[in-house]
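Participant: One structure, pasted below without further comment.
The values are calculated or read from the model by the stated rules, or taken from the named source; none is laboratory data. Quick caveat: nothing in here was measured; it's all calculated off a predicted structure. Here the Cβ is made from the backbone with ideal geometry for all residues, glycine too, and neighbour counts use every protein chain on show.
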Amino acid sequence: MWYVFWGRSQIRAQFHRVFISKYDFEEAEKYLLSYKPELDDLIKRALFVAAVVSYSRPFTANNGGNYRQSTPTLKVNPNIILNKNKEISLHQKILELRKKAIAHSDFSKRPTNLIKASYNGYLVGYKKFDILSEILNPDVAVQRKVDR
């Protein structure tokens, strides 16, 4: 009997995660639809960061709530939903950007270099991360989404 109850509660938890994820995807879409080429670069960056965070939520660990009311992640293989290699590649790139440059600051995305050290200080060089340079052509990418 306990096994049946666990199975039902697990299905219910997955059901809740699916609908939470639906709202995350809709939120990401709203950010992308708000993007306009004529916007200030700071606003463009903010919209892309917000879209990446919202899109990534279903695929990264979340708190399931009290009594595990939802599963921590969306239990689906994105390769089944995404039908083109370009879409799969973009999905992977978005998750990598979130992990390495937006939610965290990995050296690979924000490298520094000690150029010179002296008695009274250091001269350090660094590569500034810019999400607009990570997206191949944000204006075209967003336009394709709008045209669908």
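Participant: So, of the residues in the range 67-110 that are in a loop (DSSP other than H, G, I, E, B) and of a type in the set (V, I, T), which turns out to be nearest to S21 (Cα to Cα)? It would help to see each step written out before you state the result.
Facilitator: So in the range 67-110, the residues in a loop (DSSP other than H, G, I, E, B) come out as 69-77, 82-84, 103-110.
When the remaining residues are screened for being of a type in the set (V, I, T), the result is 71, 73, 76.
Details: T71: 11, T73: 9, V76: 11 Å.
Out of the qualifying residues, it is T73.
Participant: Another question, then. Taking E27 as meeting all but one of (1) touching a Phe, Trp or Tyr at 6+ places or on another chain (Cβ under 9 Å); (2) at pLDDT below 95; (3) surrounded by 14 or more Cβ atoms within 10 Å (Cβ to Cβ), write down the number of the exception.
Facilitator: (2)
Participant: Hey, another quick one. Suppose the filter is in contact with a Phe, Trp or Tyr (Cβ under 6 Å, 6 or more places away or on another chain), closer than 23 Å to F19 by Cα and either of a type in the set (D, E) or surrounded by 10 or more Cβ atoms within 10 Å (Cβ to Cβ) (or both); does A50 pass it?
Facilitator: Considered against the rule, which asks whether it is in contact with a Phe, Trp or Tyr (Cβ under 6 Å, 6 or more places away or on another chain), closer than 23 Å to F19 by Cα and either of a type in the set (D, E) or surrounded by 10 or more Cβ atoms within 10 Å (Cβ to Cβ) (or both), A50 comes out as yes.
Participant: Just checking, how many residues over the range 14-45 are within 17 Å of T73 (Cβ to Cβ) and of a type in the set (A, V, I, L, M)?
Facilitator: Final tally of qualifying residues: 3.
Matching residues to (1) surrounded by 10 or more Cβ atoms within 10 Å (Cβ to Cβ); (2) in contact with a strand residue (DSSP E or B) (Cβ under 6 Å, 6 or more places away or on another chain); (3) more than 27 Å from T60 (Cα to Cα); (4) modelled with pLDDT under 80:
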| site | (1), (2), (3), (4) |
| --- | --- |
| E96 | yes, no, no, no |
| A103 | yes, no, no, no |
| R110 | yes, no, no, no |
| G121 | no, no, yes, no |
| D130 | yes, no, no, no |
| I135 | yes, no, no, yes |
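Participant: While we're on this one: Just to be sure before I move on: is T60 under 30 Å from S9 (Cα atoms), surrounded by 15 or more Cβ atoms within 10 Å (Cβ to Cβ) and β-branched (V, I, T) in the structure I sent?
Facilitator: For T60, the condition - under 30 Å from S9 (Cα atoms), surrounded by 15 or more Cβ atoms within 10 Å (Cβ to Cβ) and β-branched (V, I, T) - is not met.
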